[in-house]
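Here is the structure we will look at.
The values are calculated or read from the model by the stated rules, or taken from the named source; none is laboratory data. This structure is a prediction, so every number in the text was calculated from the model and none was measured. Virtual Cβ from ideal backbone geometry, glycine too; neighbours counted across all protein chains shown.
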Amino acid sequence: MTINEYIEFLSQNKTERECVTYAERILRNNGFKTRSEYIDLKTGDKVYYKNKDKNIAAFVIGKQGFEKGVNLLGAHIDSPRLDVKTQPLYEDTNMAYFDLQYYGGIKKYQWTARPLAIHGVVCKLDGAKIPVKLGDVGSGYTFCITDLLPHLDKTQAERKASETIKGEKLDLLLGTMKIEKSDNEDEPKDPVKKNILKILKDQYGIEEDDFLSAELEVVPADNATYVGMDKSMVGGYGQDDRVCAWTSLMAVVDVSNETLDRTVGCVLVDKEEVGSICATGSESRWLEDVLCDVNGDPEQVKFGRILSDTNMLSSDVSAAYDPLYGDVSNKEMTCKLGGGFMLSKYNGGRGKSGGADANPEFIAAVRKTLNDAGTKYQFDTMGKVDVGGGGTIASIVCRLNINVMDAGVPVLNMHSPMEITHIDDIKNTYEGYKAFLKSDINIF
């Protein structure tokens with residue numbers, strides 16, 4: 001595992017589907033196989049499961065099998081962004097646009113006047129699935145959402161920050177060139193829109209109606225990069241939560257050739273930024289079904305006991321302390337950039353609502369594991385009590401009676417197009433995940 005590899009991953013994989021494709025390639029290159037490629041699972045086998053191209057889970061079978069539970073890492077691979085609507089393409093004053101809907105918690109003003117790209121997939125009626133990747137750095141062009149110039153923004157500037165840019169103003173400028181016509185033709189209605197459709201048809205075989213069955217995400221066009229003259233940080237889009245997803249995946253891959261006592265695994269899920277909903281979010285029964293299948297014994301009573309003995313780190317980020325905005329945090333109880341692997345006993349907002357709260361027995365066992373491994377770590381409480389808060393998939397996974405706590409990387413500029421992490425925190429998180437996977441924690 002190197003930081004350069006992480007930066008390349010972050011630059012090339014900006015959607016859930018791209019992350020799953022990447023993860024599957026890494027897993028297969030390291031000897032993992034799909035469940036259908038095995039008859040029965042035995043010690044040392046490496047197996048993975050994929051769900052709707054937007055979830056993936058990988059396991060290494062330990063000597064204890066499934067009897068004493070699993071050491072599990074769980075991260076999400078969706079990030080705040082802008083989604084293209086189902087009937088998006090329109091023209092106004094010889095300018096063609098995509099109509100967008102924001103996804104997850106964003107500051108809308110951060111998405112204007114910056115290079116943007118379109119990533120996703122278009123599914124056609126004949127079953128064809130067309131991958132789309134347009135406007136990235138190096139492609140020779142990009143896209144943009146326009147903003148108002150300072151000379152004319154008096155009314156806009158007087159609004160509170162959450163209303164500076166209205167959601168309906170977040171429309172992506174696609175082009176201004178009119179479709180070519182012969183000399184004896186009248187200019188068609190919406191000539192710029194028709195030219196965009198012609199380009200899509202000629203280059204990708206996409207018709208306007210195909211947007212009805214498309215999943216297109218507007219993401220920052222920039223590549224990830226080192227930040228700072230000392231190159232001590234990484235800046236880039238999607239580090240919430242792909243920094244934890246990548247380190248979790250690498251940790252499982254790197255322990256997969258060792259002889260393990262407990263079965264270990266990593267699960268990457270979708271839809272966390274909008275409440276973990278839908279078939280690919282952690283609210284889905286997919287994870288439970290996968291764990292049951294790996295176990296090989298669907299007997300519910302026995303399976304329930306196995307889940308109770310399962311230990312999980314919810315691999316997710318938290319907000320690093322920012323001295324420029326220190327008034328929203330308790331400095332002593334907030335994770336610091338460069339402070340190491342972040343652990344959080346609980347999350348949620350105000351009265352701990354909507355979050356998870358780890359048992360102290362589990363926390364003590366994780367602490368001992370990290371101490372024994374020499375991993376640098378820190379504890380975190382995100383934000384002052386009455387300021388806010390947030391939840392993770394831990395609040396959902398704990399419903400299965402799994403021992404779970406949040407553990408990941410501190411992030412500055414969270415949910416922005418340019419999130420910042422520290423390279424030491426990334427390395428310590430990776431080492432912490434490996435130590436956890438190899439541990440034999442039995443607390444109840």
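Here is a list of conditions, (1) out of contact with any Phe, Trp or Tyr (no Cβ under 8 Å at 6 or more places or on another chain); (2) charged (D, E, K, R); (3) assigned by TED's automatic domain parsing to the domain that holds GLU208, and LYS68 meets all of them except one; can you say which number that is?
(3)
On the given criteria, is PRO115 in contact with a Ser or Thr (Cβ under 8 Å, 6 or more places away or on another chain), in contact (Cβ under 8 Å) with a residue 12 or more places away in the chain and surrounded by 13 or more Cβ atoms within 10 Å (Cβ to Cβ)? Spell out the reasoning first.
Numbers: in contact with a Ser or Thr (Cβ under 8 Å, 6 or more places away or on another chain): yes; in contact (Cβ under 8 Å) with a residue 12 or more places away in the chain: yes; surrounded by 13 or more Cβ atoms within 10 Å (Cβ to Cβ): yes.
Taking the combined requirement at face value, the residue satisfies it.
Which ones in region 400-413 are more than 12 Å from VAL243 (Cα to Cα) and touching a strand residue (DSSP E or B) at 6+ places or on another chain (Cβ under 8 Å)? I'd like the intermediate steps shown before the answer.
Start the filter on region 400-413 by keeping residues that are more than 12 Å from VAL243 (Cα to Cα), which leaves 400-406, 412-413.
Of everything in region 400-413, those that are more than 12 Å from VAL243 (Cα to Cα) and touching a strand residue (DSSP E or B) at 6+ places or on another chain (Cβ under 8 Å) turn out to be ILE402, ASN403, VAL404, MET405, ASP406, LEU412, ASN413.
Quick check: is even one residue across region 31-40 part of a strand (DSSP E or B), aromatic (Phe, Trp, Tyr), at pLDDT 95 or above and surrounded by 15 or more Cβ atoms within 10 Å (Cβ to Cβ)? Give the derivation first.
Of region 31-40, the ones part of a strand (DSSP E or B) are 33-34.
Cutting the leftovers down to aromatic (Phe, Trp, Tyr) gives us none.
No, because not a single residue in region 31-40 is part of a strand (DSSP E or B), aromatic (Phe, Trp, Tyr), at pLDDT 95 or above and surrounded by 15 or more Cβ atoms within 10 Å (Cβ to Cβ).
Step by step: first the residues of region 63-112, then only those that are surrounded by 22 or more Cβ atoms within 10 Å (Cβ to Cβ) and not in a strand (DSSP E or B), then the one that is modelled with the lowest pLDDT. Which residue is that?
The extreme case among them is PHE66.
Which residues, taken from region 240-257, are surrounded by fewer than 24 Cβ atoms within 10 Å (Cβ to Cβ) and modelled with pLDDT under 95? Can you show your working first?
Filtering region 240-257 down to residues surrounded by fewer than 24 Cβ atoms within 10 Å (Cβ to Cβ) leaves 250, 253-257.
Selection gives ASN257 alone.
Give the residue, chosen from VAL243, VAL264, that is assigned by TED's automatic domain parsing to the domain that holds GLU67 and assigned to a strand (DSSP E or B).
VAL264
How many of the residues in region 385-444 are small (Gly, Ala, Ser), within 18 Å of the chain's Cα centre (by Cα) and buried (at least 24 other Cβ atoms within 10 Å of the Cβ)? If you could, list the steps in order and put the result at the bottom.
Taking region 385-444 as the starting set, the residues that turn out to be small (Gly, Ala, Ser) are 388-391, 394-395, 407-408, 416, 432, 435, 439.
Those still in the list that are within 18 Å of the chain's Cα centre (by Cα) too: 390-391, 394-395, 407-408, 416.
Filter once more, keeping what is buried (at least 24 other Cβ atoms within 10 Å of the Cβ): 394, 407-408.
Qualifying residue count, region 385-444: 3.
Tell me, which residue of region 213-243 that is of a type in the set (S, T, N, Q) and more than 13 Å from the chain's Cα centre (by Cα) is farthest from VAL411 (Cα to Cα)?
Our first condition is that a residue be of a type in the set (S, T, N, Q); within region 213-243, this holds for 213, 223, 225, 232, 239.
After this cut, where a residue has to be more than 13 Å from the chain's Cα centre (by Cα) as well, the list is 213, 223, 225, 232.
Working: SER213: 35, ASN223: 18, THR225: 15, SER232: 13 Å.
Per the stated criteria, the residue is SER213.
In region 264-293, what count of residues is obtained for those that are hydrophobic (A, V, I, L, M, F, W, C), crowded, with 21+ Cβ neighbours inside 10 Å and more than 18 Å from ASN401 (Cα to Cα)?
Qualifying residue count, region 264-293: 2.
Given the criteria among the aliphatic types (A, V, I, L, M) and either part of a strand (DSSP E or B) or loosely packed, with under 13 Cβ neighbours inside 10 Å (or both), does VAL121 qualify? Give the steps one after another, and end with the answer.
Details: among the aliphatic types (A, V, I, L, M): yes; either part of a strand (DSSP E or B) or loosely packed, with under 13 Cβ neighbours inside 10 Å (or both): yes.
In short, yes.
Return yes or no: is ILE196 more than 20 Å from the chain's Cα centre (by Cα), part of a helix (DSSP H, G or I) and outside the structural domain of THR310 (by TED's automatic domain parsing)? Please lay out each step first, then the result.
Working: more than 20 Å from the chain's Cα centre (by Cα): yes; part of a helix (DSSP H, G or I): yes; outside the structural domain of THR310 (by TED's automatic domain parsing): yes.
Yes, satisfied.
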